[in-house]
Amino acid sequence: MLFLTAHHTDVGIKKETNQDALLLKTANTPKGPVGLFIVCDGMGGLSHGELASATVIRGMAEWFDAQMPRLSRSEHIEEEIFSDLEKCIKYLNEKILNYGETRKVKLGTTMTALLIIHDKYYIAHIGDSRAYSISNSLNQLTKDQTLVAREVARGNITEEQAKIDPRRNVLLQCVGATKEIEVDFSKGDLHPDTVFMLCSDGFYHSISEEELALNLNPETIKNNQQLKGKVVQLVELVKARKEVDNISVVAAKVL
């Protein structure tokens, strides 16, 4: 299937550096276009968070270039994709971890990746960046791997309490912080007139699902320029609401 794409990232109103990193890569295959879209939110003092997120983006881009020609022709694509992705992500985790241990620094990054191949989508997720789909309704496709999300799931706090809980940024795992990580994988069928949106937590804390569904309604988006305009408009809205974190969004509309 064909798709439109857009992205926007902003340092926000308080921080001096942007530790978020994005990837949009597309390619044509005999069976149609494929795409890889990623949002990473780096963590660590000085430039370390920026290094962690950039390392994942660079490594995943290299994986796409090297493996996508083979995967797009495979008769066993669904079995191979998650295995290949897991190997790549765990290699990048070890690379960042070794860098931190050698220099005695703590660093890491979230990673939410969307892979569109033919009539399917695949998601690989670690941390608290998010993926959504918007069509007739809005669906959050990832689960936040945070302390407060776990507490909500256990019934210890409510969704409303979680939004203001001081522990809301405490991650259960990220890429590069610990030796063992568990990548959360999911998949689904592609349907025309669907917008996929990936974002860092600096974006979604200050905006409602109703606003996302309204502004990213596929029926109102006809070209790349319109999609880009909607994304920028939403990021500026988040800034106006005094969000202090870096803010990043990647969007793709399936035609």
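No lab work stands behind these numbers, since they all come straight from the coordinates. Keep in mind that this is a model prediction, so the values were computed, not measured. Neighbour counts run over all protein chains shown; Cβ positions are idealised from the backbone, glycine included.
Select from Cys88, Cys199, Cys40 the residue whose mean-square fluctuation is largest in a Gaussian network model of the chain (Cα-Cα springs shorter than 10 Å).
The residue that fluctuates most here is Cys88.
May I ask for the net charge around Lys143, where only other residues with Cβ less than 14 Å from the Cβ of Lys143 are counted and Lys, Arg are +1 while Asp, Glu are -1?
Neighbour charge sum, excluding Lys143 itself: -4.
With only Lys, Arg, Asp and Glu charged, each at its Cβ (+1 for the first two, -1 for the last two), find how big the charge dipole of the chain is about the Cα centre; round to the nearest 20 debye.
That gives a dipole near 520 debye.
Rank the residues Ile181, Ile77 as a footprinting-exposure proxy: fewest other Cβ atoms within 10 Å of their Cβ go first.
Final ranking by Cβ density, sparse to dense: Ile77, Ile181.
Can you compute the FRET efficiency between Ser83 and Ile157 using 1/(1 + (r/R0)^6), with r the Cβ-Cβ distance and R0 = 45 Å? Round to the nearest 0.05.
0.80
Given that just one value was derived from the coordinates, which of [x] 46, 45, 37; [y] 47, 41, 37; [z] 54, 43, 38 is Cα extents along the principal axes in Å?
[y]
In debye, nearest 20: dipole of region 117-254 around its Cα centre with unit charges on the Cβ of K, R (+) and D, E (-)?
That gives a dipole near 280 debye.
Membrane-span-like helices in the chain: DSSP H runs reaching 30 Å or more (Cα, own axis), mean Kyte hydropathy at least -1.0?
48-71, 77-103
³J(HN,Hα) across region 185-201 via Karplus (A = 6.51, B = -1.76, C = 1.60, θ = phi - 60°), whole Hz, x for Gly/Pro?
Residue by residue, region 185-201 yields 10, 8, 8, x, 7, 7, 10, x, 6, 10, 9, 9, 9, 10, 7, 7, 5 Hz.
Please give the calculated 222 nm ellipticity per residue for the chain, where each DSSP H segment of at least 4 residues contributes -39500 (n - 2.57) and the sum is spread over every residue; nearest 500 deg cm²/dmol?
Mean residue ellipticity at 222 nm (helix-derived): -11500 deg cm²/dmol.
Order these by the 10 Å Cβ neighbour count, fewest first: Ser208, Ser53, Ser74.
Final ranking by Cβ density, sparse to dense: Ser208, Ser74, Ser53.
Want the number for Asp193 to Val244: 0.36 nm per residue separation, take away the alpha-carbon distance, what's left?
15.1 nm is the gain from fully extending Asp193 to Val244.
Rounded, prolate or oblate, given the Cα gyration tensor of region 67-200, with a/c below 1.5 counting as rounded?
Oblate, because a/c is 1.5 or more while a/b does not exceed b/c.
Let me make sure I get this right: for region 66-137, a, b and c are the square roots of the gyration tensor eigenvalues over alpha carbons, sorted descending. Under 1.5 in a/c it's rounded, otherwise prolate if a/b > b/c, else oblate. Which is it?
It is oblate, given that a/c is not under 1.5 and a/b is not larger than b/c.
Apply the a/c threshold of 1.5 to the C-alpha gyration tensor of region 1-111 and tell me whether it is rounded, prolate or oblate.
Taking the square roots of the gyration eigenvalues as a ≥ b ≥ c, region 1-111 is oblate.
Quick one: net charge of Ala251's neighbours, Cβ under 9 Å, K/R +1, D/E -1?
Once positives and negatives cancel, what remains is +3.
List nothing, just return the count: lysine pairs in region 159-255, 8 or more apart or interchain, with Cα separation under 27 Å.
18
What does the highest-first list of 123-132, 92-101 look like by mean Cβ count within 10 Å?
Packing proxy ranking, top to bottom: 123-132, 92-101.
What ranking, highest mean first, results for peptides 115-122, 8-15 when packing means the other Cβ atoms within 10 Å averaged over each residue?
115-122, 8-15
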